[in-house]
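J.: Provided herewith is a single structure, encoded as structure tokens, for subsequent inquiry.
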Amino acid sequence: MALEQLSDVVQRCQAIQDDNYTTEDYSVFQIAGRTCIEDGESAQVLSIVVDEENKNIVRCMGWNLLGPLVQILLKKEENNLPHCLAILTHLLEVCSPKELLVGLLEQVEEAHPDSIAETVILLLQPVQKVLLRLGGRKASSVGMALSTLLGQVARLPVPQTKEQEEDDVFSLCRCCSALLVFVRPFVEEAKQSRTPKEDELRTELLKFSMKSLCEPLLEVQLKDPETLAESPLRNFATEIVGILSDIGESLPDLLSHSLLRRREVPGFLEEEVCYPKESLASLAYLLFVQHIAMDTFPTVFSSVFVLQCNMEYINLFLSRTEESRLQKGLDLYEKSLVRVEDNSLPVQLMELKSFFSVPQNLVKVMTLCPIQHLRIKGLKVLQLSIDKFDTEAKYKFFQCMLKTSHHAGVEGYIIKNIKNQIDFALNLDNGNEWFMGAHLFPLLRQVLCLPQGPETDLLQNLDRVMESLNLLRYLLIRDKAWKNQTGIWTELYKIEDYYMKPLRTGLNMSKAHYEAELQNTKGNSKKTNAKESQTQESVCSLTVGNEKMPNMTPEMQLQVLHSALHTFDMMESVLARIEEIIEVKEKP
């Protein structure tokens, strides 16, 4: 029935001049042709399609057969496969390339999630063939095709392990490799000359490269070449960076994009669209961490300039919460810092927004990230960054971190670094103006500080308080009163008033509170045991400092309270030692 309808409409259309076919003709041809192909009559459809008398009809209507042809080709039905391939080949040669392109990209866009990879692989060559038929006016069509294809490829899961990449379990590697073959003729064409048409094509290739850097490459954790010698994803990254160079993009200009003036970009898109920050961040990671195309990067640029360029990208990575982004941010920061000489970064860099934002995000990684190895890496990179600042920059950095980190552990770590810098200054013959004397006092006032005075939660601020006390004890022991190189003995009476006395009061209040809680808990525990002979341990709650603690057994509560009292004893012993040193000095 369908075959008869197809034959009838074709015969009727043969007599029509100037391709003036009706809407009904198109509809009957499409429905009958689709039904014939789906019913296994592709051989008969092929004979109609290749008939020279039907050339004009096929040229105008043939692209409507793309849908059923693609579905049969994806199913790989042996009986129909050769005929369907022959029909598709003929349509690619005869039909309007613009209509073919629309029809083929529709098939790509409408691909079932389970057959995305197969559909892309199947249609890449037909799409390429159609685009090449467009001649010189194809830039926008190439851009549309690349955007559609890459958009679908980006939906495929990214392999996480070496084995997944080797086995290409998600077919992402195969698609990426095929995309490179697909785009190569257009890259070669764009390289040939500098006419306006090629500039338009270069713009489309630039957008493709930038989008590839973002998806899928931003999600990919490339394997070390020693671990995976043949990596399709590493090869894809290498080729994408190569395309940027082929179309005339300077890698140094791209990386320093945020530091340089806005520039004119061929095409109609805004610059931020042509050069997305995430794509540039991905490029920086590939260059400086994975060393892809690093041999083409000029060595004339200083390591400090490269760090400046990368800081915005590092900040972008570290502001996210995904493991892959954080890992890349930490790696890029580390690699950028390693290139810099110790004690060389000037204080002027602290005025740049990124040099303020990156440490703030680094603190979030160290304190809030649930992944332990990233927290550890964050601390390592923080110390590396401190080592690279010159003395004045270190001083300003410590001030800033004490003001903004709002985390006792981080503040304690910074105070430990301050102690190390003071020690270094005291060991120098000529001293150090930033960690000695007048400059040291404002910093010490930030260090020797109780945020809420005597009512400060000493347990929550344990790391900060202990490091502050250790620093004060060190200064009084290391810097003898008769030398007073740091000026600590001159400032001491103030420190006693604004830090030591409030701390002593706070310790006494805290110990009294926890000792009372300990006695209450012991008393409640005895009453409970006397009244009830339970087979299960009783569970109750404990309130300390107006905060209700999680439900615990009496034994667990006692353990927590004893631990707190031990902590207070530890603080008190260091404070007592400081008071002893002061008392000995004051004796005649």
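J.: Could you give the distance between the Cα centres of the range 293-307 and the range 39-104, to the whole Å?
T.: A separation of 53 Å, based on Cα centres.
J.: Then there is this: Rounded, prolate or oblate: which fits the range 431-478, taking a ≥ b ≥ c as square roots of the Cα gyration tensor eigenvalues, rounded meaning a/c under 1.5, else prolate when a/b beats b/c?
T.: prolate
J.: Could you order Thr456, Thr404 by accessible surface area, starting with the largest, using a probe radius of 1.4 Å?
T.: Descending order: Thr404, Thr456.
J.: Ok, one more. Dipole magnitude of the range 288-442 about its Cα centre, charges +1 at Lys/Arg Cβ and -1 at Asp/Glu Cβ only, in debye to the nearest 20?
T.: So the dipole magnitude of the range 288-442 works out to roughly 560 debye.
J.: Moving on to the next point. When the dipole is taken about the Cα centre of the chain, and only Lys, Arg (+1) and Asp, Glu (-1) are charged at their Cβ, what size is it in debye, to the nearest 20?
T.: 2640 debye
J.: Based on the mean of other Cβ atoms within 10 Å per residue, sort peptides 274-284, 299-309 so the most packed one is first.
T.: For the peptides 274-284, 299-309, the packing ranking is 274-284, 299-309.
J.: Counting Lys and Arg as +1 and Asp and Glu as -1, what is the net charge of the other residues whose Cβ lies under 10 Å from the Cβ of Gly143?
T.: 0
J.: With all pairs of different alpha carbon atoms counted, what Kirkwood hydrodynamic radius in Å does the range 1-145 show?
T.: 15.6 Å
J.: Against the globular-protein guess of 2.2 N^0.38 Å, express the Cα radius of gyration of the chain as a ratio, rounded to two decimals.
T.: Here the answer is 1.44, to two decimals.
J.: Any chance you could look up the accessible area of Trp434 with a 1.4 Å probe, heavy atoms only, rounded to 10 Å²?
T.: The accessible area comes out at roughly 40 Å².
J.: For the range 1-103, what % of the accessible area comes from carbon and sulfur atoms, probe 1.4 Å?
T.: Answer for the range 1-103: carbon and sulfur cover 48 percent of the accessible area.
J.: Solvent-accessible area per residue for the chain at a 1.4 Å probe radius, Å²?
T.: 49 Å²
J.: Another question, if that's okay. Where Rh is the Kirkwood radius over the Cα pairs of the range 265-384, the temperature 4 °C and the viscosity 1.567 mPa s, what D in µm²/s does Stokes-Einstein return?
T.: 86 µm²/s
J.: Can you show me the helix-derived [θ] at 222 nm for the chain, built from DSSP H runs with n ≥ 4 at -39,500 (n - 2.57) apiece and divided by the number of residues, rounded to the nearest 500.
T.: -22000 deg cm²/dmol
J.: Which of Ala111, Leu332, Gln485 sits closest to the plus end of the dipole of the chain, meaning its Cα is farthest towards the positive end, when Lys and Arg get +1 and Asp and Glu get -1 on the C-beta?
T.: Gln485
J.: Name the helices (complete DSSP H segments) of the chain with a Cα length along the long axis of 24 Å or more and a Kyte-Doolittle mean of at least -0.5, or state none.
T.: Qualifying helices: 116-133, 172-192, 372-388, 408-427, 554-586.
J.: Between Leu379 and Asp295, what is the label-point separation in nm under the 7 Å Cα-to-beta-carbon projection?
T.: Rounded to a tenth, the inter-label distance reads 4.0 nm.
J.: Output needed for the range 91-146: three equivalent-ellipsoid semi-axes, defined as square roots of 5 times the C-alpha gyration tensor eigenvalues, in descending order, whole Å.
T.: Whole-Å semi-axes of the equivalent ellipsoid: 20, 12, 9.
J.: Which pairs in the list Lys377/Lys419; Lys55/Lys207; Lys353/Lys416; Lys75/Lys162; Lys388/Lys585 are over 28 Å apart, alpha-carbon to alpha-carbon?
T.: Cα-Cα > 28 Å for Lys55/Lys207; Lys75/Lys162; Lys388/Lys585; rest within.
J.: A further question on this structure: Per the 1.4 Å probe, what fraction of the accessible area of the range 338-384, in percent, lies on carbon and sulfur atoms?
T.: Whole-percent figure for carbon plus sulfur exposure: 57.
J.: Name the residue farthest towards the positive end of the dipole of the chain from the options Ala564, Ile31, Leu217, assuming +1 on Cβ of Lys and Arg, -1 on Cβ of Asp and Glu, about the Cα centre.
T.: After comparing all options, I get Ala564.
J.: Specify whether the C-alpha gyration tensor of the range 284-347 places it in the rounded, prolate or oblate class, a ≥ b ≥ c being the square roots of the eigenvalues: rounded for a/c under 1.5, otherwise prolate if a/b is larger than b/c and oblate if not.
T.: oblate
J.: On to the next question. Based on a Kirkwood Rh over C-alpha pairs, give the Stokes-Einstein translational diffusion coefficient of the range 361-517 at 37 °C and viscosity 0.692 mPa s in µm²/s.
T.: Stokes-Einstein gives a translational diffusion coefficient of 197 µm²/s.
J.: For the range 169-261, rounded, prolate or oblate, judged on the Cα gyration tensor with a ≥ b ≥ c (square roots of eigenvalues), a/c < 1.5 rounded, else prolate if a/b > b/c?
T.: oblate
J.: Would you mind listing how long the range 407-495 runs along its three principal axes, going by Cα atoms, in whole Å with the largest first?
T.: Cα spread of the range 407-495 along its principal axes, largest to smallest: 40, 25, 20 Å.
J.: Just tell me which lysines come within less than 22 Å, Cα to Cα, of Lys211; anything on the same chain fewer than 8 places away is out.
T.: Those lysines meeting the cut-off are Lys138, Lys191, Lys197, Lys223, Lys277, Lys328.
The values are calculated or read from the model by the stated rules, or taken from the named source; none is laboratory data. None of these values were measured; they are calculated from a predicted model. Reconstructed Cβ throughout: ideal geometry from the backbone, glycine too, with neighbour counts over all protein chains shown. Remember, those area values only see protein heavy atoms, side chains included, never the ligands or the DNA or RNA. Shrake-Rupley method; radii C 1.70, N 1.55, O 1.52, S 1.80 Å.
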